[in-house]
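No value in this document is a laboratory result; all are computed from the given coordinates. What you see is a predicted model; the values in this text were computed from it and never measured. Note: ideal-geometry Cβ built from the backbone for every residue, glycine included; neighbour counts use all protein chains shown.
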Amino acid sequence: MLKRIFIAVVCAGAMTALGATAAKADISGAGATFPAPVYAKWAEAYKRQTGVGLNYQAIGSGGGIRQITAKTVAFGASDKPLNPDDLASSGLIQFPTVIGGVVPVLNIPGVAPGQLRLTGPLLADIFRGQIKRWNDPAIVRLNPGVKLPPIPITVVHRADGSGTTFLFTTYLSQKAPRWAEQVGANDSVQWPTGLGGKGNDGVSAFVKQTTGSIGYVEYAFAKQNKLTHAQMQNRAGKFVQPTADAFSAAAANAKWSSAPGYYLLLLDQPGANSWPITGATFILMHKNQTNAEQGREVLKFFDWAFKSGDNLASSLDYVAMPAAIKTQIRKTWSSQIKSGGKSVLVAN
Amino acid sequence: MTLTADASPGLKAPRAARPKGASFDPIFQALCFSAATALLAALGGVIVTLAIGGWPAFQAMGLGFITSSEWNPVTDVYGAAGPLVGTILTAALALAFSLPVAFGVAIFLVEFCPTVLRRPIGTAVELLAGIPSIVYGMWGLFVFAPFFANHVQMPLMMAAPPGSLMEKLVTGIPNGTGILAAAIILAIMILPFMAAMLRELLLTVPPQVRESAYGLGATRLEVVSSVTLPYVRSGAIGAVMLGLGRALGETMAVTFIIGNSHGFPASIFDSGSTIASTIANEFTEATSVAHTSSLLALGLMLFVITFAVLGLARLLIGRSQH
């Protein structure tokens, strides 16, 4: 141990003596918990290749926005994109990194995974406490051939504020005017009914334990825990299963080019295969980098992740951004992120 | 001053003969004084920070912040009545469950336990007190809740006659979460804490006191109830109040099992929330000023409640000493 410290000190000393471009500092970031596993995987591989580490604190999207605004980190991360006005007022830009989906999970005796069909308005009525039993005519009509018992519906939602809740409630608001009016969309909302679990773990534990319950979790979580998921009807009127392909389809069909500041929710996108409750997670950076070196390291990291991180992402059940969007994001980097008026990336 | 000097002239005389180390006394005094003031300053800092941070919430919502149970981050309307009631209810229930057991454990360890077992059981109690609360929360959610649902909630809900008060009291979702389940987990958490403190207190009873009671022909029950317990009464009140304080502020374990809904709990199996669980759930993702400020205001209220509980304990201890 002592020896290692000694070597490190000597190396650092040698570098300063040579006037080298300082020791390779770690990149600091903070924010959303949803992409934290994939950022950790990327960081591990990146460190092995380049020696530059990433210190990412998964403190939640709200914390990520607060920290990048206060400039205590080199980048912030949020599952909820900031709208162009907010971006402009705090001098930030944002870009998406990976895509995930929100999946309704349920526990009804006799109903197999992927068997139950649901639509957006129906889901809203269930989560509003309007539909109280599983054998309600509205559900039965949509699911001919599925045996639905007359057991009461228990709604399970996230208790903690989360990007997942933001996506889910925004989707319900888009599909059901009554939901928008009565509940609305946010990281946390006033739920009309049901009980709240802490995190994806809490929700899935409650769903597993409660007969007749329905909740919503991140796709990766539903898949890894083999929860019973539902099919959803998409904008094209087709019922689709939540799969990586269905999330990709939603992302590919979205019109990123006409979305200023990448302010785009992938909810209810066109396309026969698109999963309706899809969302990207975003990185926030200051347009004007006070420390060009630091900004360049962040961009180099994400550039590397876009080039060689797709497999790592899909091994964790995240979906990579389509190639066309990656190209567009790179253009945004070189044209918008500057230090002293000069592009951070070009100076490289 | 002169009076004391006159009363004990011996104190004045050996001044010259003071031990060398005595010159360190002022330094020691200064150190102790600064430790005490630093604590007070930290306490004051917490209050001021919470008050400043929470002020916009009190200003916007007024008295409604305490009386309303609406908690809506979308419209930025916040009322703390739900978490407030949940906090007091769970802590009071937890204390009611754990107090008799804690006294039982402590009295058994001191009065009845064979000497060989005294140390292992005592250590086990202290170990229980050292388990992190998140572990209790996970255990509560994955082990206790399913058991509680199947063996307590369901039987009670089935047994309740329709339309009765009992039925109202036990309605809820039979999955093992809610106010009562949270109170039980809390009780388990504060139990070892209180038992260990009570044991220490009972051990301070001088053996002569106990022996003379036995010498007068008192039974064990009589010795415990009329000699040792009254002897440690003020300390015991302090121990219980510290347990209550811990129950009021406990966060993670409760968050896992209380069900986290912001309204008033309608029954003992209904899901609710506490001040601490609300803060833990929402602080990371609170972005609007009103939301953050409401959470800080909740923190201030918890501070006030805990302060009142400890103040009450002081009052009781003071009275029992007279």
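To the nearest whole number, what is the average tally of beta carbon atoms from other chains within 10 Å of the beta carbons of peptide B:285-298?
4
How would you classify the protein assembly as shown from its alpha-carbon gyration tensor, with a ≥ b ≥ c the square roots of the eigenvalues: rounded for a/c under 1.5, else prolate if a/b is greater than b/c, otherwise oblate?
oblate
Which of B:Ala81, B:Ala196, B:Ala22 moves the most in a Gaussian network model of chain B with Cα springs under 10 Å?
Looking only at B:Ala81, B:Ala196, B:Ala22, the biggest GNM fluctuation is shown by B:Ala22.
Separation between the A:Asn135 and A:Lys226 pseudo-spin-labels, each 7 Å from Cα along Cα→Cβ, expressed in nm?
Between A:Asn135 and A:Lys226, the label points sit 3.0 nm apart.
Membrane-span-like helices in chain B: DSSP H runs reaching 30 Å or more (Cα, own axis), mean Kyte hydropathy at least -1.0?
Numbers: long enough: B:25-61 (53 Å, 1.39); B:81-107 (39 Å, 1.93); B:179-203 (35 Å, 2.35); B:289-321 (48 Å, 1.51).
Qualifying helices, which must be both long enough and hydrophobic enough, are B:25-61, B:81-107, B:179-203, B:289-321.
To test your reading of the geometry: what angle, between 0 and 90 degrees and rounded to tens, separates the Cα axis of helix A:292-308 from the longest principal axis of chain A?
The helix A:292-308 is inclined about 50 degrees to chain A.
Counting helices only, and only those DSSP H runs with n ≥ 4, report the 222 nm mean residue ellipticity of the protein assembly as shown as the sum of -39,500 (n - 2.57) divided by its residues, in deg cm²/dmol to the nearest 500.
-16500 deg cm²/dmol, from helical runs alone.
Let me check against my output: what whole-number percent is the relative contact order of the range A:74-228, with C-alpha pairs under 8 Å and at least 6 apart? Display every interim value, and only then the final one.
Working: 238 pairs, mean separation 50.6, N = 155.
Result for the range A:74-228 is 33 percent.
In terms of the Cα gyration tensor, with a ≥ b ≥ c the square roots of its eigenvalues, is the range A:143-219 rounded because a/c is under 1.5, prolate because a/b exceeds b/c, or oblate?
oblate
Name the residue farthest towards the positive end of the dipole of the protein assembly as shown from the options A:Phe306, A:Asn107, B:Ile258, assuming +1 on Cβ of Lys and Arg, -1 on Cβ of Asp and Glu, about the Cα centre.
Of the options given, the answer is A:Phe306.
Under 5 Å between amide H atoms, partner at least 5 residues away or on a different chain: which partners does A:Met232 have, H built in plane at 1.01 Å?
Counting only residues 5 or more places away or on other chains, the set is A:Leu118, A:Val240.
Please give the FRET efficiency for B:Phe24 paired with B:Thr115, using the beta carbon to beta carbon distance and R0 = 56 Å, rounded to the nearest 0.05. List each step's numbers first, then the result.
Values: r = 42 Å, r/R0 = 0.76.
Here the calculated transfer efficiency is 0.85.
To make sure I understand the rule: partners must be aspartates and glutamates, Cα under 20 Å from the Cα of A:Lys255, and not fewer than 8 residues away in the same chain. Which ones qualify?
Result set, ordered by chain and number: A:Asp79, A:Asp85, A:Asp245, A:Asp268.
Under 20 Å from a point placed 7 Å out from the Cα of A:Trp304 along the Cα-to-Cβ direction: which residues of the range A:28-51 have their backbone N that close?
Residues A:28-31, A:35-51 fall inside that zone.
So if R0 is 35 Å, what FRET efficiency would A:Ala323 and A:Asp26 give, r being the distance between their Cβ atoms, rounded to the nearest 0.05?
Calculated transfer efficiency: 0.75.
If you count, for every residue in B:139-145, the Cβ atoms of partner chains within 10 Å of its Cβ, what is the mean?
Other-chain Cβ atoms within 10 Å of each residue's Cβ, averaged: 2.
Calculate, in nm to one decimal, what B:Cys32 and B:Ala96 gain on full extension: separation in residues at 0.36 nm each, minus their alpha carbon distance.
19.3 nm
Between B:Leu165 and B:Arg319, with labels modelled 7 Å along Cα→Cβ, what's the label distance in nm to one decimal, could you check?
Result for the modelled spin labels: 2.8 nm.
Please list, in order along the range A:217-222, the HN-Hα scalar couplings obtained from phi with the Karplus expression 6.51 cos²θ - 1.76 cosθ + 1.60 (θ = phi - 60°), rounded to whole Hz, x for Gly and Pro.
9, 4, 4, 4, 6, 4
Return one number: the angle in degrees, 0 to 90 and rounded to the nearest 10, between the long axis of the Cα atoms of helix A:163-175 and the longest principal axis of the Cα atoms of chain A.
Between the helix axis and the principal axis of chain A, the angle is about 50 degrees.
Along the Cα→Cβ direction, 7 angstrom out, place labels at A:Val146 and B:Val304. What is the inter-label distance in nm?
For the pair A:Val146/B:Val304, the computed spacing is 4.9 nm.
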